[in-house]
Amino acid sequence: MGGWAIAVHGGAGVDPNLPKERQEEAKRLLTRCLDIGISALRSNLPAIDVVELVVRELETDPLFNSGRGSALTENGTVEMEASIMDGPKRRCGAVSGLTTVKNPVSLARLVMEKSPHSYLGFLGAEEFAKKQGVEMVDNEYFITQDNVGMLKLAKEANSILFDYRIPTVGTCGAGAAMDSPLQMNGLPISVYAPETVGCVVVDKEGRCAAATSTGGLMNKMIGRIGDSPLIGSGTYASELCGVSCTGEGEAIIRSTLAREVSAVMEYKGLKLHEAVDYVIKHRLDEGQAGLIAVSKDGEVACGFNTNGMFRGSATEDGFMEVGVW
């Protein structure tokens, strides 16, 4: 085992003209989350505790699209989803359609630990939350004025907005606009770059865990479920690795992207970096996405085919990096 490692993301796809102040704001939040995770790992918290702790912090800050600050549905409400997975026994929990649960990732963990199921949604998930005594708030708590304004723009454009701040999209490092509109399931959408959040951790015992949380798409249909709560697609952890994905949810679902990383490590014998590179290049088809991953050996990696991804990572040997492009 190579010691602990942690990675965190705030979404794949970044506006090439993103103001410097917002880039710095995002970097500060990612750095704060890494510091929280590093402190927890140094205190010998297990990986599953650390991913929950970090994602809760991301859900509480309105900067990214999860918890407070989540994207709005076509009805102007928030429907959140999250999942968490513990690698050693591949235990998992997931939730969708949450409207009043302050920290969806913690409810996902309660589904894993306190219910006979792996996935609860909508009214059933809300009722389970009440029984478990988790913190509940009015739906208005999650709604920001920025998102209200951007929902109006989306409705005027009669379009789903992945992220209202992103006017263009390119491949990694290109920062160029696409000539043809991006499509989802064959239908055009206006812009690309969701800001789903996630965290992956391997602790010093070699235990891997992963968690992902999101508000979904701006102006999404009521009841839409993306990749984030789907085990094997947006989130996966095994005895080999932990993975959290972000990007075009429908493409991530089709490719079972998170599970693919573990699968090619297991069946092709690839190392973590090789596995991440392989699935980004060969499993997304025309989809746009990114992911973060750790291995049981203390490796950390990220990959994306967008022009950028909000991300940060650190390892026990002193390596620490926060990046956007």
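Observations, loosely collected:
- Options Ile6, Ile48, Ile36, Ile84; residue that is of a type in the set (Val, Ile, Thr), free of Cβ contacts under 8 Å to residues at least 24 places away in the same chain and in contact with a helix residue (DSSP H, G or I) (Cβ under 9 Å, 6 or more places away or on another chain): Ile36
- Some residue of region 220-238 being β-branched (Val, Ile, Thr), in a loop (DSSP other than H, G, I, E, B) and on the phi > 0 side of the Ramachandran plot: no
- Only a single item in (1) modelled with pLDDT of 50 or more; (2) farther than 26 Å from Ala237 by Cβ; (3) among the charged types (D, E, K, R) is not met by Arg207, and it is number (2).
- Tally of residues being over 25 Å from Ser213 (Cβ atoms) and open to solvent by less than 70 Å² (accessible area, probe 1.4 Å) across region 269-297: 4
- Restricting attention to region 256-271, the residues being part of a helix (DSSP H, G or I) and more than 19 Å from the chain's Cα centre (by Cα) number 6.
- Residue within region 297-307 that is of a type in the set (A, V, I, L, M) and either under 16 Å from the mean Cα position of the chain (by Cα) or within 21 Å of Ala26 (Cβ to Cβ) (or both) present: yes
- Residue match in region 91-99 (condition: farther than 17 Å from Gly234 by Cα, touching a strand residue (DSSP E or B) at 6+ places or on another chain (Cβ under 7 Å) and without any contact (Cβ under 8 Å) to a residue 40 or more places away in the chain): yes
- Checking each residue in region 1-41 for being touching an Asp or Glu at 6+ places or on another chain (Cβ under 9 Å), open to solvent by 40 Å² or more (accessible area, probe 1.4 Å) and part of a helix (DSSP H, G or I) picks out Arg32, Ile36.
- For Glu266, the criteria (1) closer than 25 Å to Gly97 by Cα; (2) open to solvent by 10 Å² or more (accessible area, probe 1.4 Å) hold in every case but one, which is (1).
- Residue that is under 24 Å from Asn44 (Cβ atoms), touching a residue at least 12 places away in the same chain (Cβ under 8 Å), touching a Cys at 6+ places or on another chain (Cβ under 6 Å) and open to solvent by less than 10 Å² (accessible area, probe 1.4 Å), where the choices are Ala237, Ala258: Ala237
The values are calculated or read from the model by the stated rules, or taken from the named source; none is laboratory data. As the structure is a computational prediction, the values presented were derived from the model and not from experiment. All Cβ positions, glycine included, derive from the backbone under ideal geometry; neighbour counts span all protein chains shown. Please note that ligands, DNA and RNA were not included when accessible areas were found on the heavy atoms of the full protein model with its side chains. Shrake-Rupley method; radii C 1.70, N 1.55, O 1.52, S 1.80 Å.
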